[in-house]
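**Student:** If you scroll down you'll find the structure; I have some questions about it.
What follows is calculated from the coordinates using simple rules that are stated; it is not laboratory data. None of the values given here were measured: they were computed from a predicted structure. When we count neighbours, we look across all protein chains shown, and the Cβ atoms used for this are built from the backbone with ideal geometry, even at glycine.
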Amino acid sequence: MLTHGDIGLRIIRTKDAKTIERLVLGNREWLRPWEATNPHAPMTFDFRAQIRSLLRQLETSDALPFVILYQGEIVGQLNVANILHGSVSSCVIGYWIVPEVAGLGITPTAVALAMDYMFNAVGLHRVEIDIRPENGASIRVVQKLGLRYEGVKKNYIHINGDWRDHYVFALTFDEVKDGVLNRWLQKKVPKISYHFPKNS
Ligand SMILES: CC(C)(COP(=O)(O)OP(=O)(O)OC[C@H]1O[C@@H](n2cnc3c(N)ncnc32)[C@H](O)[C@@H]1OP(=O)(O)O)[C@@H](O)C(=O)NCCC(=O)NCCS
């Protein structure tokens, strides 16, 4: 369990399926524009199967699937995926929370906790977050934590029924040796103005 104040991350459990189902099905309009879809099959909502698949990736050390907790309640998910060791030593983070607790800084805190864990406990070198250009709220999350903008991946992930461009943001360990969460809490994150390409 990783915590800061009221905010926590813990590994997802199969028995979280009912809660996740309630949160996801109860917030379709909020989540749909940003949700990964399968290009070869319609969207399914078998949350037990989804959690089992995540736990298999945990077993093989390919992923760390967390739920995000706020005041002890599940309010979303944060998944650390594509974990690679060795000469790449990197991973990709994805997340969502429910609208009832949006705007409280829960996601940046959760992302900072996860990044510090991946750098300091797992020993990775680079963490990446990919975001659709239209997702201003998510871009604010990475801006608050000072992730660098690295470019555009064209047609990168199948989201909400089509292949979507994504902006790539990242940090490497040497940029945040004193901790991502510390740097944010101590207001030491450099002010970043992102310059995105005009046609994306
Ligand atoms: C993107 C998301 C994870 C941000 O989480 P969060 O915990 O609200 O993050 P923050 O509190 O730092 O807020 C980030 C921005 O969201 C926006 N925001 C704040 N309150 C909001 C609300 N009630 N409704 C919508 N957006 C809101 C603001 O632009 C805020 O930036 P600001 O603090 O500079 O004003 C959340 O909006 C979400 O889950 N959205 C749907 C799924 C999604 O987009 N996942 C990410 C895919 S890359």
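**Student:** At R0 = 41 Å, how high is the FRET efficiency between Lys18 and Ser90 if r is their beta carbon distance? Nearest 0.05 is fine.
**Tutor:** 0.75
**Student:** Which lysines, if any, have their Cα less than 29 Å from the Cα of Lys144, not counting same-chain residues under 8 positions apart?
**Tutor:** Leaving aside lysines fewer than 8 places away in the same chain, those within reach of Lys144 are Lys153, Lys154, Lys177, Lys187, Lys188, Lys191, Lys198.
**Student:** For the range 56-200, rounded, prolate or oblate, judged on the Cα gyration tensor with a ≥ b ≥ c (square roots of eigenvalues), a/c < 1.5 rounded, else prolate if a/b > b/c?
**Tutor:** Rounded, since a/c falls under 1.5.
**Student:** Roughly how far apart, in whole Å, are the Cα centres of the range 186-200 and the range 103-118?
**Tutor:** Distance between centres, Cα-based: 18 Å.
**Student:** Run the quick spin-label model on Thr60 and Asp162: label points 7 Å from Cα toward the beta carbon, then report their separation in nm to one decimal.
**Tutor:** Going by the 7 Å Cα→Cβ label model, 3.2 nm.
**Student:** Sequence-distant or interchain residues sharing an amide H contact under 5 Å with Tyr156, placed H: which?
**Tutor:** Close amide H contacts, sequence-distant or interchain: Arg164, Asp165, His166.
**Student:** Using a 10 Å cut-off around each Cβ, can you sort Ser87, Ser61 from fewest to most neighbouring Cβ atoms?
**Tutor:** In increasing order of surrounding Cβ atoms, one gets Ser87, Ser61.
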